[in-house]
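Below is one structure, written out as structure tokens; the observations come after it.
The values are calculated or read from the model by the stated rules, or taken from the named source; none is laboratory data. The structure displayed is predicted, hence computed values, not measured ones. Quick reminder, even Gly has a Cβ in these numbers, built from the backbone with ideal geometry, and neighbours come from all protein chains shown. The accessibility values were calculated without ligands, DNA or RNA, using every heavy atom of the protein model including side chains. Shrake-Rupley method; radii C 1.70, N 1.55, O 1.52, S 1.80 Å.
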Amino acid sequence: MNIYVDFDDCLCETARHFSGLAREMFGTDVPYENINFFNLQKSFSLTDKQYEDMMTEAHKPEILLSYDETPGAADALNAWVNDGHDVSVITGRPYSAFEASREWLDRHGLGAVKLYCLDKYGRDNFIKGSKFSLELEDYYKMHFDLAVEDSPHAFKFFDHLPGLKIMVYDRPWNHDIELPGANYKRCFDWETIRKSV
Ligand SMILES: [Mg+2]
């Protein structure tokens, strides 16, 4: 099988970090559980400038490397690799974050998985003027059988693969949305994801 895995809030606890970062930088009080929108500017009620500053801070290599692993993520991915599956981490992080992201994977024992930066969120998210390593037209040439994703904004990248099974990692910003189809399944932890494959 070819497996697509998102990085932030699937493999690591990015939003929990952002909650603390926004508190430190701007004094906001929005705990992780109350991050109701995937758009963090909206969730934290930040100005454009504050949002930009926060994203710049959050993408510093030492910060990217500090994100906690989502429990069981590395074990699950390695079990798939050991079973002969092809695992690609497709992240919406910009290419400027590639090196630190690659190192995070390597440090967590995930040297065997591939990493691609795809512009999933367009100009509404992340750092302005970002570059990405995977062009959309090349992404659409890839085939996947299974995907793990938390962001409703990324679901459009699955529409061209009718046979794809999508595991939606349950997070506050997707908890109340209706999943787009029967091929989507809400999962609360990596153990469930492993078992349902
Ligand atoms: Mg994500």
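Taking a probe of 1.4 Å, how large is the accessible area per residue of the chain, in Å²?
It amounts to 49 Å² per residue over the chain.
Can you sort E191, E178 by solvent-accessible area, 1.4 Å probe, largest first?
Details: E191 115, E178 165 Å².
Of E191, E178, the descending order of accessible area is E178, E191.
Would you mind telling me which residue in I63, I177, I90 has the biggest mean-square fluctuation in a Gaussian network model of the chain, where springs connect alpha carbons within a distance under 10 angstrom?
I177
Reachable aspartates and glutamates from K195, Cα under 17 Å, same-chain residues fewer than 8 places away excluded?
Those aspartates and glutamates meeting the cut-off are D75, D83, D145, E149, D170.
What is segment 14-64's relative contact order, in percent, from Cα pairs under 8 angstrom and six or more apart in sequence?
It rounds to 29 percent for segment 14-64.
At a 1.4 Å probe, what is the % contribution of carbon and sulfur to the accessible area of segment 14-64?
Ligands and nucleic acids excluded, carbon and sulfur give 49 percent.
With only alpha-carbon atoms counted, please give the Rg and Dmax of the chain, in Å.
Expressed in Å, the Cα Rg and Dmax of the chain come to 16.0, 47.
Could you report the accessible area of H143 in Å², rounded to 10, computed with a 1.4 Å probe on the protein chains as they sit in the structure?
About 100 Å², ignoring ligands and nucleic acids.
Got the relative contact order for the chain handy, in percent, Cα pairs under 8 Å and 6 or more residues apart? Numbers along the way, then the final one.
On the way: 296 pairs, mean separation 51.3, N = 197.
Rounded, it is 26 percent for the chain.
What aspartates and glutamates does K49 reach when the alpha-carbon gap must be under 19 Å and sequence neighbours fewer than 8 apart in one chain are set aside?
Straight-line reach from K49, under 19 Å: E24, D29, E57, D124.
Name the residue from H153, G72, A112 whose Cα lies farthest towards the positive end of the charge dipole of the chain, charges +1 on Cβ of Lys and Arg and -1 on Cβ of Asp and Glu.
Farthest along the dipole direction, towards plus: H153.
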